1. From the list TYR156, TYR135, exactly one residue is at pLDDT below 95, under 20 Å from the mean Cα position of the chain (by Cα) and of a type in the set (Ser, Thr, Tyr). Which is it?
2. Are any of the residues in the range 63-80 at pLDDT 90 or above and more than 19 Å from the chain's Cα centre (by Cα)?
3. Residue check, GLY265 against (1) modelled with pLDDT of 95 or more; (2) over 30 Å from LEU144 (Cβ atoms), all met but one. Which one?
4. Has the range 193-201 got any residue that is of a type in the set (D, E, K, R), under 15 Å from LEU224 (Cα atoms), assigned to a helix (DSSP H, G or I) and over 16 Å from the mean Cα position of the chain (by Cα)?
5. Count, please, the residues in the range 138-153 that happen to be at pLDDT 90 or above and closer than 17 Å to PHE49 by Cβ.
6. Quick one: is ASN161 crowded, with 19+ Cβ neighbours inside 10 Å, touching a strand residue (DSSP E or B) at 6+ places or on another chain (Cβ under 7 Å) and under 18 Å from THR76 (Cβ atoms)?
7. Hey, which of the strands (runs of 3 or more DSSP E) in the range 215-321, taking only ones fully inside, have at least 3 residues that are crowded, with 18+ Cβ neighbours inside 10 Å and of a type in the set (A, V, I, L, M, F, W, C)?
8. Pairs only if they're at least six apart or on different chains, beta carbon under 6 angstrom, first in the range 27-56 and farther than 19 Å from PRO103 by Cα, second assigned to a helix (DSSP H, G or I); list them, first residue then second.
Amino acid sequence: MKRNFMVFCLLISFFEASAQKPIILDDIHYYVSDSSVREVANNYFKTFFKGRAMAEQEMNPLLFIDFISIRPDESTLNISSPGPFPGVKVGDPKRWIREKVKPSASNPPMYGVRWLAFNTKSIRKTVKKLLKAGYDFALEDFNLPTEPDVNAVAMYGFDYNIIVLVERPKMKKQKTEFGIDHLQLLVNNLEDNVKFYQTVLGAEIIDKKERSTVLKIGNHKFVLSEPEALGLSREQVIERDPKKFVANIDHLGFLYDEIEPAFYGAKANNYRIIMEPKTLMYYDKPTPYTFCILMSPDNLQIELEQEEGRTSARKIYKNEK
């Protein structure tokens, strides 16, 4: 008994000292305001950003999520309507009984993902193409918090989600016109959030500015900024409220070949865990997915995921007419 306790203590010490890095950022999950907007969101990424639908896994496919790829080997954009989802029994079903906040440009900013940014070689040419393709949302020049000299444009997408275009003229030649440039996170306390992403996900610090830090996690860049760095006052920003449903990027999923070490690392460091590692059941049948759910210091949901037979970005596209 004493020996087992000593082994347990050693394991805890190991997890506290060694963050378990994910293979990739696997999914950026949008919850849309209702089922009709789900198709709007899919068409938005397909029409304007050349997104392609990814095929679901063959065994017990999840019909309530759409997977959209902008560039191969990058995170997919996952789109679903608000739950509860038929066939899924995860957590308390009452968590979906929430006050719905109507999407609007006037809604106050909220801690979590502030915007998703795509890179492109020329802002001028890209905006011209977007307008020609029928883009009718507001476009606005603004400054990136850590790269104020870089040409960038912000715009509203479906449900008034903010999408940013970042000009990268020296970007290597890619097979696709667009790619994911970065995710901008609005955080209450920069130090606490940087520590969380370093400790749980093995984030690497790329750059530091006043009230902003740039991290690399898996294969993507994350910019963490306090309100002041984005030209916001703290009084403007609201907390993430579990009693309210706001259509936005609800959570981020990170792919592992084995999630147990990362889970125990988060547990050893006393981070909030909503669900311990569990196989996802769909209509009472197992799926290839095992995942657990953590919460960041600002209550942004972080999912640690593994999928049988897959240790890289999704590769198989859907056959669509």
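The values are calculated or read from the model by the stated rules, or taken from the named source; none is laboratory data. All figures in this text were calculated on a predicted structure; none of them were measured in a lab. Positions of Cβ are backbone-derived with ideal geometry, glycine not excepted, and every protein chain shown enters the neighbour counts.
1. Working: TYR135 fails: under 20 Å from the mean Cα position of the chain (by Cα).
The conditions single out TYR156.
2. Yes: the range 63-80 contains one or more residues that are at pLDDT 90 or above and more than 19 Å from the chain's Cα centre (by Cα).
3. Condition (1) is where GLY265 drops out.
4. Looking only at the range 193-201, we keep the residues that are of a type in the set (D, E, K, R), and these are 195.
Imposing the further condition that a residue be under 15 Å from LEU224 (Cα atoms) reduces the set to 195.
Going one step further and asking which of them are assigned to a helix (DSSP H, G or I), we end up with 195.
From what's left, over 16 Å from the mean Cα position of the chain (by Cα): 195.
Yes, some residue in the range 193-201 is of a type in the set (D, E, K, R), under 15 Å from LEU224 (Cα atoms), assigned to a helix (DSSP H, G or I) and over 16 Å from the mean Cα position of the chain (by Cα).
5. Adding up the residues that qualify gives 2.
6. Yes; evaluated as a whole, the condition is true for this residue.
7. Working: elements: 220-225, 244-246, 248-255, 273-282, 285-295, 301-307.
Once the strands (runs of 3 or more DSSP E) in the range 215-321 are filtered for at least 3 residues that are crowded, with 18+ Cβ neighbours inside 10 Å and of a type in the set (A, V, I, L, M, F, W, C), what remains is 220-225, 248-255, 285-295.
8. Note: pairs meeting the criteria are PHE48/LEU130; GLY51/PHE45.
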